[in-house]
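Here's the structure, in structure tokens; my notes come after.
The values are calculated or read from the model by the stated rules, or taken from the named source; none is laboratory data. Predicted model, so just to flag it, every value in this text is computed and none were measured. Backbone-built Cβ (ideal geometry, glycine too); neighbour counts: all protein chains shown. What goes into the accessible areas is simple: the full protein's heavy atoms, side chains included, and nothing from ligands, DNA or RNA. Shrake-Rupley method; radii C 1.70, N 1.55, O 1.52, S 1.80 Å.
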Amino acid sequence: MTDLSTDQTTGNQTTGVGRRAVLGGAAALAALGPLQALGARTAGAAPMKKQPFSPDYGPLAPVDDQATGLPLLMLPAGFEYISYGWTGDTMDDGKPTPAAHDGMATFPAGRRGIPPGRGNGKGDDVALVRNHEQGSFRPAFTEPAYDPNANGGTTNMLFDPRAGQWLSSSASLSGTIRNCAGGTTPQGSWLTCEETTATSPAGTPHGYIFEVPSGGLGDPEPYKFMGRFSHEAVCVDPSTGIVYETEDATPSGFYRFLPNNPTSLAAGGRLQMMVVEGSAPGVSAQTYTDPTGTEYFTSWVDIDQPDPPAGTPSTVQQGIARGGAQFARLEGAWWSEGKAYIVSTSGGPIRSGQVFEYDPGTETMRVLFASTNRAELASPDNICVSPRDGVVLCQDGGNEPQRMFGLTLDGAIFDFARNNVVLDGPFKGKSVEPGDYREMEWCGSTFDTRGDWLFANIQNPGITFAITGPWKDGSL
């Protein structure tokens with residue numbers, strides 16, 4: 001079915017490829033990178049292979065943490081790690097580290113004016129901003145604070161990659177709630193997203209995006225023009241400054257924010273929601289169960305009230321009313337090689353996960369991969385891409401040790417790391433409770449710009465890890 005549709009931003013007419021059309025043709029997968037290999041698979045191809053470990057990195061085994069000596073993670077041979085910023089640990093500003101570690105990003109520290117005298121002095125240090133998905137209306141843990149009675153927010157950290165040492169940590173923003181994921185901007189800042197639409201007992205609305213510089217305190221003024229909904233992650237097209245936003249709900253929308261000033265999001269802009277071809281103009285299509293290879297023609301509709309007043313249609317309902325597409329719990333987002341890659345944690349034929357690729361150059365989107373077996377992939381969440389184009393997916397679901405997955409060069413999924421956190425009792429003054437935490441989710445995966453270190457969080461009991469090893473031996 002061919003559809004002549006109008007892009008509601010540009011007014012240009014484009015021939016659609018048809019929502020239910022699937023990609024055809026064979027591909028020499030081994031010659032491609034992991035994301036491209038995943039995209040080259042066809043609907044009629046053999047099912048995605050699930051491997052217990054990378055054929056290059058080898059099997060996983062418990063590895064002792066360099067900070068505590070505890071075997072907190074299972075990794076391939078040759079990989080090592082150092083933990084930091086456990087919940088309750090005292091930060092350099094004297095505050096205890098907040099709980100519920102979640103989304104995170106890295107930045108070159110020298111570019112952001114980190115005070116001299118820390119690290120190796122060569123500008124090689126890595127700055128990180130980390131979310132804390134605390135969801136209680138309790139006092140903020142630091143200033144500045146958007147809502148003094150909300151305890152979510154962000155902390156900033158500094159790491160020396162040459163020495164393999166954590167250098168410092170401090171609180172950077174609070175007064176928010178359920179700071180789940182987010183994304184980086186070309187200006188070297190972190191957009192932290194509230195995964196909620198709650199209103200505090202005092203009447204303060206939540207569900208916004210806030211900006212936090214990598215080397216300083218965040219801005220407590222919400223970007224209400226970027227929408228009020230259960231935000232998950234964002235990614236930015238550096239060539240245009242357009243911000244793509246995911247929503248963790250069902251139904252959820254896939255949004256883009258067209259900034260008035262690409263170098264200053266605070267200057268405002270316009271929020272839109274993606275449309276894919278439906279059975280009739282204005283019909284809202286559902287992508288919930290679409291399989292690998294499904295391809296869509298896309299356009300966009302305006303959201304007239306990105307911060308809807310009480311008693312009016314929500315952001316997603318406004319978009320649906322205009323034909324906006326419905327997704328199942330959109331989570332991670334990543335920009336790579338001119339395209340946006342987004343993850344649905346509960347979409348696909350068995351509702352166990354989808355990975356989408358959106359190409360703004362052709363205004364098309366396709367399902368790169370949809371799980372057909374929970375043993376193959378269950379509940380993917382955060383996604384990140386290494387400087388070598390290696391792909392890491394974080395798991396958030398199931399009742400087994402949670403894993404970080406990698407993709408082989410021919411697009412197969414393998415276990416790269418497993419959560420092995422079992423605390424039999426108090427350890428070196430840590431304030432976390434003893435227990436078996438192996439079923440707790442991975443989140444916040446992100447590489448430094450050189451690709452030497454992978455940083456990631458285990459949300460509960462709240463630990464940040466810096467992982468390094470022979471990356472070039474495999475596909476990550």
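Overview of values
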read-out: Surface share of carbon and sulfur [accessible, 1.4 angstrom probe, percent] for the chain; value: 49 percent
read-out: Lysine pair number, Cα distance threshold 25 Å (strictly under), the chain, separation 8 or more or different chains; value: 7
read-out: Burial ranking of peptide ranges 374-381, 303-310 (average Cβ count within 10 Å, highest at the top); value: 374-381, 303-310
read-out: Ordering of 65-73, 125-133, 324-332 by packing [mean C-beta count within 10 Å, highest first]; value: 125-133, 324-332, 65-73
read-out: Cα-Cα pairs of the range 147-234 separated by more than 23 Å (percent); value: 24 percent
read-out: Dimensions (Å) - the range 366-476, Cα atoms, principal axes, largest first; value: 45, 34, 21
read-out: Accessible area, probe 1.4 Å, largest first, for residues K428, K224; value: K428, K224
read-out: Evaluated at q = 0.18 Å⁻¹: base-10 log I(q)/I(0), Debye formula over Cα of the range 263-329; value: -0.73
read-out: Charge dipole magnitude, Cβ of K and R +1, D and E -1 - the chain, Cα centre, debye nearest 20; value: 300 debye
read-out: Per-q log10 I(q)/I(0), the range 289-377, q = 0.10, 0.20 Å⁻¹ (Debye; single scatterer per alpha-carbon; no solvent); value: -0.30, -1.00
read-out: Exposure rank, largest accessible area first [T90, T292; 1.4 Å]; value: T90, T292
read-out: Amide H partners (placed H, <5 Å) of G183, local residues excluded; value: L191, V234
read-out: Projected area averaged over orientations for the range 198-290, convex hull of C-alpha atoms, nm²; value: 8.4 nm²
read-out: Phi to ³J(HN,Hα) by Karplus 6.51 cos²θ - 1.76 cosθ + 1.60 over the range 339-347, Hz, x for Gly, Pro; value: 9, 9, 10, 10, 10, 9, 6, 9, x
read-out: q = 0.06, 0.08, 0.09 Å⁻¹: log10 I(q)/I(0) that the Debye formula gives for the chain, counting C-alpha atoms only; value: -0.24, -0.44, -0.56
read-out: Pairwise Cα inverse-distance average, inverted: Kirkwood Rh of the range 366-409 (Å); value: 11.4 Å
read-out: Net charge of neighbours whose Cβ lies under 10 Å from the Cβ of R322, counting Lys and Arg as +1 and Asp and Glu as -1; value: -2
read-out: Rounded to the nearest 10 Å², the accessible area of V283 at probe 1.4 Å; value: 60 Å²
read-out: Theoretical ellipticity at 222 nm over the chain - DSSP helices of four or more residues, -39500 (n - 2.57) apiece, nearest 500; value: -500 deg cm²/dmol
